[in-house]
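These notes concern the structure reproduced below.
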Amino acid sequence: MTMNKYFLLTLACLFILTSSCVNTEVGTEYPVSWTSQYTMASLLDDAIIIKEQNDLKNAINASWYAEVDIITDENESSEITPLSSCKDYFSKATSHTTTLREYETGPFLLLAKMCRATELLLHANPSKYSYISNNFLNKSTPHIFPSEIAFQISTGEAEKNAKDKSKHYWADINQNLQFEAISETQSKFFDDGGSQIIDLIGRGDFNADGIEDILISSRDSVEDGDYFNLRLFSLSVNEKREWRLIREYQY
Amino acid sequence: MTTITEKNILRKKLEKYEGKVSHMYRDSKGYITVGVGHLLKSVYEAQILRFEDSNNNPATNSEIKLEFETIQKLPADLLASAYKKHATLTLPDTEIKRLTEIHINSFEKELEIIYPDFRLYPTQVRLALFDLIFNLGMTKLQSNWPIFNSAIKAKNWQKAADNSKRKSPVSAARNKYVKDLLEQVAKP
């Protein structure tokens, strides 16, 4: 590549992405990585050090800081199953699993989210290309992230929005969101009565297409109510800076 | 006015959803909490409660401050039992009950603001609305549930029942409880 071509490439990158440049050089690889929002180690009974991708395996087998009793359906006759590790969780929990004690839902969701994140990071591939800008969590994020990130509690209202073809983006559903940067990997989006804290948990290629993706979670909560949810998503962004949902993970 | 029977039902429901924890812990949002989901926004808010030490003697302000700061340093959103080993002070049952009564009365006032005819609604509808406001808070219930709120104000209980479902992780049992209450009135 000549100097002129380098110059033009740099200009193009600046124009498209403004804050970061895409490295598409052959041979460059973006490793799987995680941030301080990946807190699995702090939820384990044993002191486990997670430095390399391979270390994540140890977190799957390690004991949680406490057991959580779950039921697989909500009939009174349902058998109570204690879970004490991610390995337990993967083998015994189903899509109908709830905690035996309703008030333990939040702590259980945190454990389940971290287990799922551990599994995803463990099996993610390094990426050949990346179109992720450095400061993608900012006040404009709701206008570029897909509508699935929106915080909705009413099933009826969510179904109505899902049928509305004009609602492409998060901000099309949650309008007038205010923004507060908590750290480089954590931002708060809020309106009157509710908030979403978006955590960047990790980066890697989660769908084996060679392009770097992100793993984020949304902590959804309301003011003066007990509703709380933790959702986990993988998202990808292309060279046109278009974000799309790869998958929302159910615990 | 909420009857004693209704208040007993509501208190048990709140204990089921929030737990009843006599020591300080950090909730899912990271706030210091005690009793039945009673939020302590500051050390002062903890100090005005009747905390007791392990000998059932009233805790001093400095003991309460120390406990608050100790719990604050622990990670948020753990099981309440994980905070117990770090806690030395407890709130007596009578105090927890008093705080829960205050919450119920406060929610009732908010429901009367959202639904001016709230006092005239059948018991089942009132209990259903209490469950929703416990869960969603006043602002979200008022602003994000237009179909449901229109149905309630039109006293179309069946339509309200059909639009009362909350998304996961609200349990199917909790959604069914609200739907059944509204349907009991819709189909007497």
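Go through region A:227-251 residue by residue and tally those that are within 13 Å of another protein chain (Cβ to nearest Cβ) and either open to solvent by less than 40 Å² (accessible area, probe 1.4 Å) or in a strand (DSSP E or B) (or both). Spell out how you get there, then give the answer.
Going residue by residue through region A:227-251, those that are within 13 Å of another protein chain (Cβ to nearest Cβ) are A:227-232, A:248-251.
Now narrow it down to the ones that are either open to solvent by less than 40 Å² (accessible area, probe 1.4 Å) or in a strand (DSSP E or B) (or both): A:227-232, A:248-249.
Residues in region A:227-251 being within 13 Å of another protein chain (Cβ to nearest Cβ) and either open to solvent by less than 40 Å² (accessible area, probe 1.4 Å) or in a strand (DSSP E or B) (or both): 8 in total.
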Handout entry: Residues of region B:75-100 that turn out to be of a type outside the set (Gly, Ala, Ser) and open to solvent by less than 50 Å² (accessible area, probe 1.4 Å), as a count
Key = 11
Completion exercise
Note: among B:LYS109, B:LYS97, B:LYS153, just one is within 14 Å of another protein chain (Cβ to nearest Cβ) and charged (D, E, K, R), namely B:LYS109
Practice task
Could you tell me whether A:ALA150 is within 14 Å of another protein chain (Cβ to nearest Cβ), small (Gly, Ala, Ser) and under 18 Å from the mean Cα position of the chain (by Cα)?
Solution key: yes
Completion exercise
When A:GLU67 is run through (1) open to solvent by 70 Å² or more (accessible area, probe 1.4 Å); (2) at pLDDT 95 or above; (3) under 23 Å from the mean Cα position of the chain (by Cα), the failure sits at (3)
Practice task
Give the residues of region B:23-66 that are within 14 Å of chain A (Cβ to nearest Cβ), under 13 Å from B:LEU91 (Cα atoms) and more than 13 Å from the chain's Cα centre (by Cα), sorted by residue number.
Solution key: B:TYR25
Practice task
Output the helices (runs of 4 or more DSSP H) that fall wholly within region B:91-167 and possess 1 or more residues being within 22 Å of B:VAL21 (Cβ to Cβ) and out of contact with any Asp or Glu (no Cβ under 7 Å at 6 or more places or on another chain), or say none.
Solution key: B:93-114, B:123-143
Exercise for the section: Please go through region B:67-94 and pick out each residue that is touching a Ser or Thr at 6+ places or on another chain (Cβ under 9 Å), within 14 Å of chain A (Cβ to nearest Cβ) and of a type in the set (A, V, I, L, M, F, W, C). Expected result: B:ALA76, B:ALA80
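Going through B:ILE104, B:ILE113, B:ILE71 one at a time, which residue ends up being hydrophobic (A, V, I, L, M, F, W, C) and open to solvent by 50 Å² or more (accessible area, probe 1.4 Å)?
Values: B:ILE104 fails: open to solvent by 50 Å² or more (accessible area, probe 1.4 Å); B:ILE71 fails: open to solvent by 50 Å² or more (accessible area, probe 1.4 Å).
The match here is B:ILE113.
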Exercise for the section: Any chance you could count how many residues in region B:32-48 are hydrophobic (A, V, I, L, M, F, W, C), crowded, with 17+ Cβ neighbours inside 10 Å and part of a loop (DSSP other than H, G, I, E, B)? Expected result: 1
Practice task
Would you please list the contacts, defined by Cβ atoms under 7 Å and residues six or more apart or on different chains, that run from a residue in region B:125-146 that is within 8 Å of chain A (Cβ to nearest Cβ) to a residue that is open to solvent by 10 Å² or more (accessible area, probe 1.4 Å) and modelled with pLDDT of 95 or more?
Solution key: B:ILE133/B:PHE107; B:ILE133/B:GLU110; B:PHE134/B:PHE107; B:MET138/B:GLU110
Exercise for the section: Among the residues of region B:49-94, write down those that are in contact with a Pro (Cβ under 8 Å, 6 or more places away or on another chain), at pLDDT 95 or above and among the acidic types (Asp, Glu). Expected result: B:GLU52
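For region A:164-177, check the following and say yes or no: at least one residue is of a type in the set (Asp, Glu), within 12 Å of the chain's Cα centre (by Cα) and more than 11 Å from every other protein chain (Cβ to nearest Cβ).
Restricting attention to region A:164-177, the residues satisfying the condition of being of a type in the set (Asp, Glu) are A:164, A:172.
From what's left, within 12 Å of the chain's Cα centre (by Cα): none.
Within region A:164-177, none of the residues are of a type in the set (Asp, Glu), within 12 Å of the chain's Cα centre (by Cα) and more than 11 Å from every other protein chain (Cβ to nearest Cβ).
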Fill in the blank from the handout: Contact list, first residue from region B:49-64 and surrounded by 10 or more Cβ atoms within 10 Å (Cβ to Cβ), second anywhere and in a helix (DSSP H, G or I) and charged (D, E, K, R), beta-carbon distance below 6 Å, six or more apart or interchain, is B:ARG50/B:GLU95
Exercise for the section: Please indicate, with yes or no, whether at least one residue in region A:12-19 is in contact with a strand residue (DSSP E or B) (Cβ under 8 Å, 6 or more places away or on another chain) and at pLDDT below 95. Expected result: no
Fill in the blank from the handout: Counting only residues that are in a loop (DSSP other than H, G, I, E, B), within 14 Å of chain B (Cβ to nearest Cβ) and surrounded by fewer than 19 Cβ atoms within 10 Å (Cβ to Cβ), region A:79-96 contains a total of 3
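The values are calculated or read from the model by the stated rules, or taken from the named source; none is laboratory data. All of these numbers come straight from a predicted model, not from anything done at the bench. As a convention, Cβ positions derive from the backbone with ideal geometry for all residues, glycine included, and neighbour counts pool all protein chains shown. Just so you know, the surface numbers come from the protein's heavy atoms only, side chains and all, with ligands and any DNA or RNA stripped out. Shrake-Rupley method; radii C 1.70, N 1.55, O 1.52, S 1.80 Å.
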